[in-house]
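Visitor: Supplied in structure tokens, the structure appears directly below.
Read-outs throughout are calculated quantities, based only on the coordinates presented, and are distinct from any laboratory measurement. Just so it is clear, the structure is predicted and the values come from calculations on it, not from any experiment. Cβ sites come from the backbone with ideal geometry, for glycine too, and all protein chains shown count toward neighbours.
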Amino acid sequence: MTLPSFPTELLKPVADGWRQQRGESRRRAGGDQGPPRTRRGISKAADAVQMSFICDHDQRARFERFYDEDTGEGALPFLIPDFATDGDWLMTADGALLTDDEDNPLTIASTLVCMFGEQLPGYAPIGAHWQVSFILTVLP
């Protein structure tokens, strides 16, 4: 089964619209006194990513079609670029760009496997555009 990809014609998230939070994989037990005891609970935890982007009416329609048809109204996993690192240049420890044989800078290609999380897509009008916001669950 091939996973659908997030539509490339949609814009990158707004600067404050991409927040990634680590998933909880620890087990904590509080005692009567002192700090809580902490140990590893599960081997892999699902991270959460809050995403928000601005789009026009056509891009909103494309996003809604992706949500409704490609992800089965948010029930199926999909691929999305990791906007935190995707497209960044690879550099050495001293900050020099890594290049290929033709001196083209090398970039990071990072993709996440996600599902729509607890907060499903919501829309807020911004002039003639829309702000689309939702939370993704990054699958381990």
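Visitor: GLU69 to THR107: FRET efficiency via 1/(1 + (r/R0)^6), r the Cβ-Cβ distance, R0 22 Å, to the nearest 0.05?
Guide: Values: r = 31 Å, r/R0 = 1.40.
Between GLU69 and THR107 the formula returns 0.10.
Visitor: If you plug each phi of segment 78-93 into the Karplus form 6.51 cos²θ - 1.76 cosθ + 1.60 with θ = phi - 60°, what whole-Hz ³J(HN,Hα) values come out, in order, with x for Gly and Pro?
Guide: So the J values, rounded to whole Hz, are 8, 9, 9, x, 7, 5, 6, 10, 4, x, 5, 6, 7, 9, 7, 4.
Visitor: If I take R0 = 22 Å and measure r between the Cβ atoms of SER5 and TYR123 in this structure, what FRET efficiency does the formula 1/(1 + (r/R0)^6) give, to the nearest 0.05? Present the calculation step by step, with values, prior to reporting the outcome.
Guide: Numbers: r = 22 Å, r/R0 = 0.99.
That pair, SER5 with TYR123, gives E of 0.50.
Visitor: What is the ratio of the Cα radius of gyration of segment 63-140 to 2.2 N^0.38 Å, where N is its residue count, to two decimals? Mind showing how you got there, number by number?
Guide: Values: Rg = 17.4 Å, N = 78, 2.2 N^0.38 = 11.5 Å.
Segment 63-140 yields a ratio of 1.51.
Visitor: Still on this structure, please answer the following. Pop out the ³J(HN,Hα) list for segment 53-58 in order, Karplus 6.51 cos²θ - 1.76 cosθ + 1.60 with θ = phi - 60°, rounded to Hz; leave Gly and Pro as x.
Guide: Each residue's phi maps through the Karplus curve to give 9, 9, 9, 8, 5, 5 Hz.
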